[in-house]
Amino acid sequence: MLSEHSEVCDVIISGKQYDLIIGPVADDTVLPTIQAFVIGQFTVEAAIIGLKTSKLFDQHCLTTEKAISMLNFKESFVIKGEN
């Protein structure tokens, strides 16, 4: 079973442009796995195994002006610190 992580690999391989990408955050713990996949050192299956060893959190990435133009401001608030 390849899971949703194979979709991330498909996006990387295809080079297609998307307005919005929702997927796991590529932080310092997963970056070596993604880099190894991109340069051909890891297969899709090996990359998925590497990604599954990390706790992944989803992010929303708006990649075009079209996607950004669809945002609507709703509200703001101030968070006060311990200063």
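Computed from the coordinates by the stated procedures, all read-outs in this text should not be read as laboratory data. None of the values given here were measured: they were computed from a predicted structure. Cβ coordinates were reconstructed from backbone atoms using ideal geometry, including for glycine residues, and neighbour counts include every protein chain displayed.
Hey, with R₀ at 30 Å, roughly what FRET efficiency would I68 and Q41 work out to, going by the Cβ-Cβ distance, to 0.05? If you can, show how the numbers build up before the last one.
Numbers: r = 34 Å, r/R0 = 1.15.
Once the sixth-power term is evaluated, E becomes 0.30.
Going by average Cβ density within 10 Å per residue, which order do the peptides 47-54, 17-24 take, highest to lowest? Walk me through the numbers on the way to the answer.
Values: 47-54: 16.5, 17-24: 13.2.
Going by the mean number of other Cβ atoms within 10 Å, highest first, we get 47-54, 17-24.
K80 to I49: extension gain in nm, 0.36 nm per residue of separation minus the Cα-Cα distance? Don't skip to the answer; put the middle values down first.
Numbers: separation 31, 0.36 × 31 = 11.16 nm, distance 4.14 nm.
Gain on extension, K80 to I49, equals 7.0 nm.
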